[in-house]
Each structure stands twice: as structure tokens, then as C-alpha cells.
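The values are calculated or read from the model by the stated rules, or taken from the named source; none is laboratory data. Just so we're clear, the structure is a prediction, and the values are computed from it rather than from any experiment. Cβ placement follows ideal geometry from the backbone for every residue including glycine, while neighbour counts extend to all protein chains displayed. Keep in mind that these areas ignore ligands, DNA and RNA; they rest on the heavy atoms of the full protein, side chains included. Shrake-Rupley method; radii C 1.70, N 1.55, O 1.52, S 1.80 Å.
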Amino acid sequence: MIEFDLLRLGSSQKISIADDVRTDLELDKIVSVASKGDELVAKTWFDVLLSKKTSIEDVRYRQEAVKDALANREVVTKMYQIAKEGYEKAYREVFIFRLDDPRLVVYEASNGIKILTDYLEKLLGIVSNANFTSRAFKGLVESFTSNIDEDFIAKAREISETLWLGNGVDFRVEIGPLNNLVNPVLLVPKNERSFLNRLLSMEKRYTYKLDPRDEAGSTIIDDMIKWVLSRVATPLLNAFDRLMDFFKDLARQLSFYVGAINLSDFLDELGIPKTYPMVDSRRFFFENLYPLSLAVSSKSRPVPSSLEINVDGSFAVIITGVNKGGKTTFLKSVGQAIILARAGLFVPADSFIVPTTGAVFTHFLREEEITFSYGKFEEEVKRFKKLAESLSRGDYVLMDESFVSTNHVEASVVAENVVSALLDSGINVLYITFLQDFLYRFVPKNKNRAVLLVPERQSDGTRTFKLVKGSIQPGYALELWKRIVEKQQGAS
Amino acid sequence: MGSRGIRADEQVLSDLRIRELVSLILGKERDEFLWSLFLEPLDSIDSVVYRLNVFRDLMRTEVYVVTERLVEKVREALSYLETEKEAYEPHKLGLHLDAALTYIDALERFYSEMLSLGVESDGLKGFLDYVRSIVESEHFKAMKEKAMKAKEARVRMVIRVRIMGDRVVVWRFDGGVDMEKVIEELFSRFRSEESRKVKYIPTTGGMSHIHAAILEGAFKFYGSEYKALKEFYDEFPKIIDDGVAAFVREIPFYMLYISFMKKLMSKGYSFTIPRFTSDGRIDVRGFYNIMLAEKTGAVPNDLFTSGEKRIFVITGMNSGGKTTFATSFGQLVYLAKLGVPVPAQSAEIPFFTAILTAYPAREDPRESLSRLEQDIVRAAEIMHRSDSSTLIIANELFSTTTSDEGFQLAKIFLEELWRKRSYCLFITFLSGVALLDFVISLVAQPSPEDPLKPSYKIVPGLPPSEYMAVRIASKHGLTYNDLRMVVG
């Protein structure tokens with residue numbers, strides 16, 4: 001049996017809130033660069049990027065294959081084209097629109113097998129000359145070439161040609177209850193031209209010739225042929241389906257690597273560096289990480305950012321500060337990079353280390369949640385509850401202004417409860433928030449595993465769109481109040 | 001079947017809704033003979049007991065299953081013989097053989113299995129003796145032997161056929177390679193996700209002249225096998241015994257009824273074999289309406305009299321189940337007279353010779369008589385025809401006159417029935433009738449949870465002193481005092 005697995009997705013499903021994550025992190029922009037409009041690439045990318053479970057081993061396996069694909073880009077691209085073309089050609093030319101007409105099924109399925117056999121032959125030609133080094137691609141080539149050879153292609157051709165031509169049927173049949181003909185077995189046609197065969201069969205055959213005016217008879221004969229073909233139609237159809245599945249599956253798995261080649265080209269063009277992420281359970285670290293979706297929409301190299309946190313089971317990054325300071329861009333770029341990292345892809349940075357290969361979940365502010373209303377707050381809480389139900393240890397939760405649909409005092413309490421609970425459960429949290437009570441209580445309390453980031457301002461007041469570590473300054477508001485009030489008092 | 005009954009009175013069939021009932025029992029079965037059996041109550045207690053005993057046997061699951069299979073198989077054999085009449089010669093031989101094989105096997109299995117199960121009723125015991133005489137006969141044994149030989153011969157015939165254009169060629173089969181296996185082997189190296197199946201239903205039959213021609217061909221290569229089939233056909237022209245055929249026609253009367261019973265029993269309803277009292281006593285517990293049980297659910301009720309008082313007057317709230325109660329009891333008596341189990345937990349009743357009904361007819365403008373006149377005519381007819389073993393069910397007779405006069409008429413009518421010692425269920429809104437000293441008063445009870453709704457329980461007691469309509473009015477503040485205070 002031909003077996004290969006270029007993706008190692010196993011039976012992993014997409015995460016429960018895949019659509020939210022896709023929108024919040026602007027994954028469509030990244031995927032558009034990878035797919036260049038190829039729908040199959042796009043679909044596979046979303047499957048991989050949003051997949052729920054990924055082990056370190058899976059990540060290494062895919063990283064190795066991505067490197068291999070970049071090194072053998074012509075072969076990979078060619079294989080993908082053949083697989084896709086074969087599938088699409090058969091899909092276009094084979095019409096099995098009903099399963100109750102064995103004659104139609106046999107004709108169409110054998111035509112399909114004929115078409116796909118040609119493509120198998122082409123694949124065989126390319127694969128035989130490939131020089132892969134990764135486990136993924138080596139496995140594919142090995143399994144394919146040990147199952148498909150010249151002999152297989154010749155036999156598949158012979159069968160499909162014979163059944164496709166449909167020159168009558170030759171079958172074995174028994175006489176069953178009520179003297180009905182039963183158990184028809186379609187036979188591989190005998191070579192009637194051999195002299196001996198003809199000589200032997202001459203005297204022992206019984207021939208019935210249909211009267212040309214016998215229309216009912218010809219309908220019955222037609223029906224009888226369908227009856228004989230009905231048994232062979234199912235395995236033939238299955239053979240065709242199996243071939244189709246093979247091509248479809250091959251194209252799908254290759255499409256991921258085609259996307260990787262495209263994304264790599266894009267980054268190279270903009271001069272953005274690529275790094276293959278590492279996993280280190282004690283660190284969350286990156287250096288010059290470029291916001292990828294921003295690079296896609298601006299077609300330029302944006303401002304990169306860097307971060308280093310020691311991780312003790314889990315970590316929290318709390319982000320606050322003035323608007324337009326690049327907070328959301330930062331949050332998105334980190335989310336995108338983690339997603340690329342666990343997919344086994346390269347990341348647009350000089351270096352990138354993640355503590356886990358957990359999945360990324362997002363809980364971003366929805367525009368309609370800005371007004372205060374307990375109804376809306378309830379909705380928001382429900383949405384968060386749904387997200388929380390599918391979390392596992394090691395996952396990442398990216399929150400952008402969660403819990404703002406009620407007043408900040410009670411929202412802070414909720415936020416503190418939620419974030420503490422996540423952190424204590426081994427979930428990593430990145431949270432943009434203005435909830436003051438929360439900031440002043442949570443950050444000092446979690447000194448060892450939480451960091452506070454604020455937009456950088458240079459001494460002259462200009463913004464750099466970088467985030468830097470900040471600190472909590474207790475009494476700031478009081479001071480501010482005092483300041484303003486006293487200023488006014490002073491003025492009056 | 002025992003003896004046949006006498007066609008029931010049309011009025012009764014219609015008032016007691018017997019046709020709807022039979023239609024439920026028979027389901028899709030449209031056999032006229034079976035229908036007519038259900039419309040013919042028996043007039044002797046012996047014939048009823050004969051049938052009820054057959055029911056006792058057949059209600060045992062094992063006996064039922066064995067009998068059911070015999071019926072199915074003999075019907076199958078009969079259908080082969082029917083087809084044979086129109087078939088081509090090569091098919092005739094096969095149909096005839098399989099009719100015989102099916103019939104022989106069915107009869108032998110029925111006999112041996114029934115013998116080990118043991119049956120008690122005269123009906124089934126008699127038939128079993130009859131079957132023994134058949135299966136032990138020389139004729140039957142010879143038929144079986146020849147049939148088996150012919151069957152073995154048929155299995156040996158294996159041919160190769162080629163269809164090419166308008167030509168069909170037949171050979172004796174001498175080996176070949178199965179295309180299906182070749183395909184499966186070749187493509188098994190590709191993984192299979194889910195497999196689609198080609199489903200083909202031939203539009204033409206399998207017994208055409210083309211099929212016949214192929215068989216002719218086969219017979220040419222298999223001479224001695226053909227001879228075995230042909231000889232069987234010639235030697236045993238008649239396959240199915242007439243007595244067996246009659247049994248297969250009659251026994252569904254029991255089987256259809258039993259399968260109907262089982263359907264209701266699976267919903268928790270009971271059926272019982274009725275007992276017939278000789279002292280005039282009626283003691284029926286937990287009887288219910290079959291039609292309601294089938295559809296929405298039915299409430300069971302009891303009916304009792306020692307036989308001293310025989311007239312039941314049923315009063316009580318609107319839509320409280322009074323008519324259903326009376327109709328259900330009428331149906332129960334009717335079914336008992338058919339000799340079938342009845343819908344109740346237990347049923348002891350006299351053997352009624354006749355059931356008479358008087359239900360309100362829709363006023364028919366073509367009829368010259370008014371409703372009151374019709375009631376009186378029917379009442380007179382009933383008084384004339386009834387005796388001490390008659391059951392009368394009267395539903396709101398004399399309701400189209402004043403209460404006072406209606407009461408007078410009812411009193412006269414019931415007094416006459418009382419004198420004749422007839423049984424009667426009399427539904428009325430006139431509570432005075434229920435207070436007559438020779439009647440048993442039954443009352444439709446409200447639901448204990450909500451006194452404005454019925455419970456469908458009908459129990460002995462005095463008619464209600466307060467009217468439902470008044471109670472409803474007070475609930476909404478329409479009493480005298482309330483209105484006074486509001487109007488002030």
C-alpha cells in the first residue's frame with residue numbers, strides 16, 4: 001500500500017474558534033502570499049495553521065521537510081502540478097453522476113483510470129530522479145516507487161482499455177432457484193483468436209441470434225449486460241476513487257510546501273530574515289520579529305520588535321499605553337509567528353524561541369462590545385467560556401481589550417480572575433488592556449512570570465512603534481489628580 | 001376456522017365503528033374473505049370457545065412463529081405456481097421444482113416443530129393430524145426424493161456466456177479469470193477512504209425469452225441434469241394439498257389479530273380471553289378504546305353488575321368520555337362474539353345474542369322523520385327485539401325535546417327494558433334518569449388536578465349536583481354576588 005505523510009497532522013482537528021483566530025490575526029493576508037491564489041494551497045495552509053494539536057516532534061518533522069522542499073523546489077513544484085493536473089483532468093472528464101447504471105459507471109471509471117495511469121507514469125519519471133533528504137519526502141518516494149512500476153502501469157492500462165472499449169461481456173453464470181441465472185462473474189476475455197481455442201469451441205457452443213425486430217429482446221440484453229457489469233462496477237469505481245484520493249491527497253500534502261516556497265520568496269524579496277524556530281520550555285524569546293501581515297499589506301519591511309521572558313510553567317505579557325503605539329500590531333505579529341512556528345515553517349525574525357508548541361487562541365474586542373450592557377457583557381463572557389473550554393496546557397491566549405463591555409472596576413476583577421486562572425493552568429497569556437485596577441494588582445503580584453510592555457517614547461516625545469518593558473507606578477492617578485487639581489487651585 | 005358467523009346489523013357496525021376497528025386490525029391486508037370474517041359475529045358459545053382456544057395456542061410466541069412461517073412459505077410456493085402458468089418452458093421446470101421444495105420443507109418443519117411444541121386447541125390439533133397424514137404418505141415421500149435429486153442436478157449446471165452485439169453464445173464453463181479479483185488485487189495498493197457502491201436494479205425480469213434461450217443452451221450441455229428437472233415436472237403436476245391451502249387462507253384471521261394485539265401490548269395495553277357468565281354477571285376490568293389506544297392513548301375503565309340491575313345510566317361532564325366508554329364496551333362485546341381476545345385486563349360477560357344500538361343520527365333532510373321521531377322509532381324497534389340476552393347501547397336518546405318529556409320517554413323505555421331483563425348502557429344529560437331505582441348510575445369524573453378538565457374515568461356514583469358551566473362562570477367572577485359588587 002502506498003503510504004506517505006508529509007504533514008503529520010494526524011487526526012488533529014482545527015481549533016474550536018478557528019474563524020476568530022483567522023480574522024483576528026489576519027491570517028488571510030499571510031495565506032494569500034503563500035497560495036498566490038491557489039485555493040488548494042490556501043485550504044491546506046489554514047488546516048495546518050489552525051490545527052489544534054502539534055507536538056515538538058511534528059514541528060521538527062515539518063521543519064526538515066520545509067527545508068528539503070526549498071532545496072528541491074523544482075521537483076516539489078512539478079510533482080504538485082502533475083498531481084493537481086491529474087486530479088483536475090479526471091474530475092473534468094469523468095462523469096459518474098449516478099450509481100445505478102453499471103454500464104455508465106464502468107465506462108466512466110475505466111476512462112478515469114486510463115487518465116490517471118498516464119499521470120502516475122509522469123510522476124514515476126520525476127520521482128525516480130529526485131534527491132530528497134527529509135524523512136517526509138524520502139518516505140513518499142520510497143513508498144511510491146516500491147508500489148508503482150512499469151508493470152503496474154501496463155496492467156492498469158490493459159484493464160481500463162478493455163473495459164472502456166466495452167466490446168461485449170464474457171461471464172460465468174450459474175442456474176439458481178426458479179431456474180434464474182445467478183452469480184454472474186465477469187471474466188477476463190479469452191484470446192479467441194488462438195487457433196486451438198477456436199477449434200475447440202466450434203463444436204461445443206450454442207448460439208442465439210436476436211431477431212432484428214425484437215426490440216424487447218434487445219432491451220433485455222442491454223439489461224443483462226448491466227447486470228453482469230454491476231458486480232465489477234463497484235470495485236472498478238473504487239479503484240478509480242482510490243486513485244483520485246491518492247492524487248488529491250498527494251496534491252494536498254504537497255500544496256503546503258508549495259506555499260512555503262512562495263512565502264520564502266516573498267520574504268527574500270523584501271529582505272526580511274527567516275529563522276527556523278526552536279523550542280525551549282524555559283524561554284520565550286525573539287529578536288527582530290517582523291509583523292508579517294503588515295509586511296504583506298504594506299509590501300515593505302515594517303519595524304521589528306524583540307522580547308525576552310523567562311518562563312516558569314507559563315508566562316503573561318501585559319500590554320498597555322497610548323493608542324496608535326503599535327500594541328495590536330505587536331500582539332498580532334507574535335500570534336502569527338507562534339502559528340508559523342508550530343506549523344514547522346520559518347518565522348520572519350532573526351531568531352525565535354517558543355516555550356511550547358501549543359495552539360493560539362484569540363479574544364479580541366468586537367466593535368459592538370464597546371458600549372456597557374450586561375447583555376453584551378454576558379455575550380462576551382460566553383464567548384470567552386467557549387474558548388476556555390477548548391484550551392490545553394501550553395496553549396497561547398491573545399486578548400485585546402477583553403471585558404470592556406462593563407465598567408472597569410468589575411471588569412478588572414473578572415480579568416484578574418481569568419488571567420490568573422489561565423496562567424496557573426499553564427496557559428500563556430498576551431493581553432492588551434487599559435483596566436487600571438487589573439494592571440496595578442496583577443503585574444506586581446506576578447513579577448516572576450509577567451511582564452508589562454508599553455509603547456516606547458523617545459525623550460523628545462516621538463513614537464517609535466516599539467514596545468518596551470515598563471513598570472507600574474502606584475499612586476500615579478492620585479498624583480495626576482492632585483497635580484491637576486492643585487494646578488487649577490494654584491491658578492485660581 | 002370452526003363455523004362461520006352471521007353478518008352483523010349495519011346500524012350496529014356503523015354506531016360501534018366496527019369497520020374502522022377492523023381496518024386497524026387488518027392493516028394493509030385487504031383480503032375480502034378475512035374482512036368478512038370480522039363482520040360476522042358467531043351465534044353459538046361453542047364456536048366462540050373453539051376460536052378462543054385456537055387463540056390460546058397461537059398467542060404462544062413459538063407456536064405463532066412456526067405457523068407464520070408455514071403461511072409465508074406456502075404462499076411463496078403458491079406464487080411460484082401462479083408464475084409458472086405464464087412462464088417459458090425452461091423456467092416452468094424451475095418454478096415447479098422450487099414450489100415443491102418450498103412447500104415440502106415448510107410442511108415438514110411445521111409438523112416436527114409443532115409436534116414438539118404441543119398444541120391444545122381442537123382447531124390446531126385437527127390440522128396437525130391432517131398434516132401428519134400428508135407428510136407420512138408415500139406420495140409426499142416420493143415427491144421429496146425426486147425434488148432433491150432435481151435440485152442437486154441443477155446446481156451442477158455452470159455455463160459461460162458471451163454477449164456480443166445481437167449474439168448470445170453459451171458454453172459449458174471451463175475456467176476463466178475473475179475480472180473483479182484482478183481489479184481488486186491491482187488497486188489495493190492505493191488507500192481507500194470511503195467506498196461508493198454501485199446499486200443496480202434490473203428493469204426487466206429474469207424470465208424472458210433471452211433467459212430462456214440461455215437455459216436452453218445450458219440444457220444442451222447438461223443432458224442428464226435437464227432430465228432430472230423434466231421428470232420431476234411431469235411426475236408431480238399437483239404440489240399443494242387443498243386442505244393446507246385452506247388453512248393458509250384462514251389462519252391469518254388469528255395471526256393478524258394477534259400481531260395487532262402485540263402492537264398495543266407493547267404500549268402497555270392488555271388483552272384478555274373473555275369468560276362467559278351464566279348468572280347474568282358482568283365484571284369487566286380495565287377495558288379501553290382500541291382506536292384511542294392506537295393513536296393518542298386510552299384511559300381504562302371498569303364495568304360491574306351482579307346481574308340483578310342491568311341498566312347503566314351514564315351522566316357527567318361534557319366530553320368526559322361517556323360515548324367512548326359505551327362504544328368501547330360495545331366493541332368489547334362484539335369482539336367477544338367474534339371469538340377473539342378483548343381489550344381489557346379481565347372480562348367476564350354473559351353471552352349476548354344481540355347488540356342493538358341507538359346513536360344520534362345526523363338530521364337527514366331527505367328523511368321525513370324528525371330526530372325525535374327517529375329516536376322513538378328506533379326505541380320501539382329495540383323494545384320489540386330485545387330480550388334478556390340483548391345488549392343495548394343508547395346514546396342521548398330523546399334529547400331533542402324538553403327535559404321533562406325526555407325524562408318521561410326515557411323512563412318508559414328503560415322500564416320496558418328492565419321488565420325484559422335486557423342490558424343497557426344509556427347515556428344522558430338528564431340526571432333524573434340516573435336516579436331511577438332500577439338503574440346503576442355511572443358518572444364521568446373531572447380530573448383531580450384540574451376540575452375543569454375530564455379524567456375520562458367513568459365510575460359508579462350519583463350524578464353531579466353542580467354544573468360545570470356555573471363553576472366556570474364563577475371562576476371568572478360571573479356569579480351573582482360578584483356581578484352585584486361590580487355593577488354595584
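Quick notes on this one:
- Among the residues making up region B:284-318, those that are under 29 Å from B:Ser23 (Cβ atoms) and in contact with a Lys or Arg (Cβ under 9 Å, 6 or more places away or on another chain) are B:Met291, B:Ala293, B:Glu294, B:Gly297, B:Val299, B:Pro300, B:Asn301, B:Asp302, B:Leu303, B:Ile314.
Here's the yes/no breakdown for (1) more than 8 Å from chain B (Cβ to nearest Cβ); (2) open to solvent by 10 Å² or more (accessible area, probe 1.4 Å):
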site: A:Leu99; (1), (2): no, yes
site: A:Tyr107; (1), (2): yes, yes
site: A:Asn111; (1), (2): yes, yes
site: A:Ala136; (1), (2): yes, no
site: A:Gly139; (1), (2): yes, yes
site: A:Phe144; (1), (2): yes, no
site: A:Trp164; (1), (2): yes, yes
site: A:Leu181; (1), (2): no, yes
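- Some residue of region A:118-138 being of a type in the set (Ser, Thr, Tyr), farther than 15 Å from A:Tyr80 by Cα and not in a loop (DSSP other than H, G, I, E, B): no
- Between A:Asp58, A:Asp38, A:Asp68, A:Asp24, the distinction of being surrounded by fewer than 19 Cβ atoms within 10 Å (Cβ to Cβ) and not hydrophobic (A, V, I, L, M, F, W, C) belongs to A:Asp38 only.
- Yes/no for A:Lys36 being within 21 Å of A:Ala251 (Cβ to Cβ), in contact with a helix residue (DSSP H, G or I) (Cβ under 8 Å, 6 or more places away or on another chain) and at pLDDT below 95: no
- Single match in B:Pro448, B:Pro463 (criterion: part of a loop (DSSP other than H, G, I, E, B) and open to solvent by less than 60 Å² (accessible area, probe 1.4 Å)): B:Pro463
Results for (1) buried (at least 21 other Cβ atoms within 10 Å of the Cβ); (2) within 21 Å of B:Ala246 (Cβ to Cβ), shown as yes or no for each residue.
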| position | (1), (2) |
| --- | --- |
| B:Thr61 | no, no |
| B:Val65 | no, no |
| B:Ala77 | yes, yes |
| B:Thr83 | no, no |
| B:Pro90 | yes, no |
| B:Tyr103 | yes, yes |
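- Among the residues making up region B:253-270, those that are open to solvent by 10 Å² or more (accessible area, probe 1.4 Å) and out of contact with any Phe, Trp or Tyr (no Cβ under 8 Å at 6 or more places or on another chain) are B:Leu256, B:Ser259, B:Lys262, B:Lys263, B:Ser266, B:Lys267, B:Gly268, B:Ser270.
- Subset of region A:433-470 (residues that are assigned to a strand (DSSP E or B) and modelled with pLDDT under 80): A:Glu456, A:Arg457, A:Arg463, A:Thr464, A:Phe465, A:Lys466
- Residue count for region B:351-377, restricted to those that are of a type outside the set (Ser, Thr, Tyr), within 21 Å of B:Ile427 (Cβ to Cβ) and at pLDDT 85 or above: 5
- Output for region B:376-386, where each listed residue is open to solvent by 30 Å² or more (accessible area, probe 1.4 Å) and touching a helix residue (DSSP H, G or I) at 6+ places or on another chain (Cβ under 6 Å): B:Met383
- Of A:Ile338, A:Ile318, A:Ile272, all but one fail to be touching a Lys or Arg at 6+ places or on another chain (Cβ under 7 Å) and open to solvent by less than 20 Å² (accessible area, probe 1.4 Å); the exception is A:Ile272.
- When the residues of region B:278-309 are filtered to those that are among the hydroxyl-bearing types (Ser, Thr, Tyr) and surrounded by 14 or more Cβ atoms within 10 Å (Cβ to Cβ), the one that is nearest to B:Leu52 (Cα to Cα) is B:Tyr288.
- Number of residues in region B:171-225 that are at the interface with chain A (Cβ under 7 Å from one of its Cβ atoms) and part of a helix (DSSP H, G or I): the value is 16.
- Only listed residue being over 13 Å from A:Ser134 (Cβ atoms) and acidic (Asp, Glu), chosen from A:Asp5, A:Asp68, A:Asp47: A:Asp47
- Residue satisfying all of: in region B:315-350; modelled with pLDDT of 95 or more and in a strand (DSSP E or B); farthest from B:Ile382 (Cα to Cα) among these: B:Ser346
- Single residue of B:Val299, B:Val313, B:Val284 found to be of a type in the set (A, V, I, L, M) and over 17 Å from B:Gln345 (Cα atoms): B:Val313
- Within region B:76-90, the presence of at least one residue that is in contact (Cβ under 8 Å) with a residue 24 or more places away in the chain and outside any helix (DSSP H, G or I) is confirmed.
- Here A:Ser281 meets the list (1) open to solvent by 20 Å² or more (accessible area, probe 1.4 Å); (2) more than 27 Å from the chain's Cα centre (by Cα); (3) of a type outside the set (A, V, I, L, M) almost entirely, failing just condition (2).
- Counting only residues that are open to solvent by less than 40 Å² (accessible area, probe 1.4 Å) and under 15 Å from B:Glu152 (Cα atoms), region B:207-244 holds 6 of them.
- In region B:126-146, the count of residues that are under 24 Å from B:His211 (Cα atoms), buried (at least 17 other Cβ atoms within 10 Å of the Cβ) and more than 7 Å from chain A (Cβ to nearest Cβ) is zero.
- Any hit, region B:91-102, residues being within 20 Å of B:Met148 (Cβ to Cβ), at pLDDT 95 or above and among the polar types (S, T, N, Q): yes
- In region B:48-75, the residues that are assigned to a helix (DSSP H, G or I) reach residues that are crowded, with 18+ Cβ neighbours inside 10 Å and of a type in the set (S, T, N, Q) with C-beta atoms within less than 6 angstrom, at least six apart or across chains, in these pairs: B:Asn53/B:Ser121; B:Val54/B:Ser121; B:Asp57/B:Ser121; B:Lys73/B:Thr102.
- The residues listed here are A:Glu93, A:Glu74; of these, the one that is without any contact (Cβ under 8 Å) to a residue 24 or more places away in the chain and either in contact with an Asp or Glu (Cβ under 6 Å, 6 or more places away or on another chain) or open to solvent by 80 Å² or more (accessible area, probe 1.4 Å) (or both) is A:Glu74.
- All of (1) facing chain B (nearest Cβ under 8 Å); (2) open to solvent by 60 Å² or more (accessible area, probe 1.4 Å); (3) of a type outside the set (A, V, I, L, M) hold for A:Tyr208 with one exception: (2).
- Meets criteria (open to solvent by 50 Å² or more (accessible area, probe 1.4 Å), closer than 22 Å to B:Glu184 by Cβ and not polar (S, T, N, Q)) for A:Arg172: yes
- Considering residues of region A:164-187 that are in contact (Cβ under 8 Å) with a residue 40 or more places away in the chain and touching a helix residue (DSSP H, G or I) at 6+ places or on another chain (Cβ under 6 Å) only, the residue farthest from B:Pro202 (Cα to Cα): A:Trp164
- Test: residue in region A:326-334 that is under 28 Å from A:Asp424 (Cβ atoms), within 16 Å of the chain's Cα centre (by Cα) and open to solvent by less than 10 Å² (accessible area, probe 1.4 Å): no
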